[in-house]
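Single-structure report; data block below.
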Amino acid sequence: MVFKQFDDFDIDIDPCEPIYIISVVSRLVHIPEWTIRVLDKEGVVSPKRKKGKKRLYCQKDLKRLEYVHYLMSEKGVNIKGIKVILEKEEE
């Protein structure tokens, strides 16, 4: 009998599946929760809402927030500038 190894197992999660709460996102992308809320309010990121209040983020949101963190911390871009950059990239 041959057994699979632990590393043989992987979980495939749709990159658009909202599964991360804001506290987890904050730790993963190194952005304070309050800043993520401002980014949501400004339309930089649009998490799904569970029962109208709780924000749930997907893998795609995490990548976007990692890019935002890079722009803010490495390049010194403010939120308004980030919105402009993201809008230009989406054209």
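Please give the peptides 44-50, 76-82 ranked by average Cβ packing (other Cβ atoms within 10 Å per residue), highest first, as a rough proxy for protection.
Values: 44-50: 15.6, 76-82: 13.1.
Order by mean packing, descending: 44-50, 76-82.
Just order 9-18, 26-35 by mean Cβ neighbour count inside 10 Å, highest at the front, would you? Don't jump to the answer; show the numbers that get you there.
Numbers: 9-18: 9.3, 26-35: 14.4.
Packing proxy ranking, top to bottom: 26-35, 9-18.
Would you mind telling me which residue in Tyr20, Tyr57, Tyr70 has the biggest mean-square fluctuation in a Gaussian network model of the chain, where springs connect alpha carbons within a distance under 10 angstrom?
Among Tyr20, Tyr57, Tyr70, the largest mean-square fluctuation in the Gaussian network model of the chain belongs to Tyr70.
For the chain, please report how many Lys pairs fall under 21 Å Cα to Cα, leaving out neighbours fewer than 8 apart on the same chain.
The result is 25.
Tell me the label only: which of [x] 1.17; [y] 1.32; [z] 1.80 is Cα Rg over 2.2 N^0.38 Å as calculated from this structure?
[y]
For the chain, find the longest principal axis of its Cα atoms and tell me its angle to the long axis of helix 59-73, 0 to 90°, nearest 10.
Long axis of 59-73 versus the principal axis of the chain: about 40 degrees.
Roughly what would the spin-label model give for Val2 and Asp14, points 7 Å off Cα along C-beta, in nm?
Taking the simple label geometry, Val2 and Asp14 are separated by 3.4 nm.
If you take the Cα Rg of region 2-48 and divide it by 2.2 N^0.38 Å, with N the number of residues, what do you get?
Details: Rg = 15.8 Å, N = 47, 2.2 N^0.38 = 9.5 Å.
That ratio works out to 1.66.
Size of the dipole of region 15-90 about the Cα centre, Lys and Arg at +1 and Asp and Glu at -1 on the beta carbon, nothing else charged, in debye to 20?
460
Throughout, read-outs are computed from the coordinates displayed, never taken from laboratory work. A quick note: this is a predicted structure, and the numbers were derived from the prediction, not measured. Ideal geometry is used to build each Cβ from the backbone, glycine not excepted, and the neighbour counts take in all protein chains shown.
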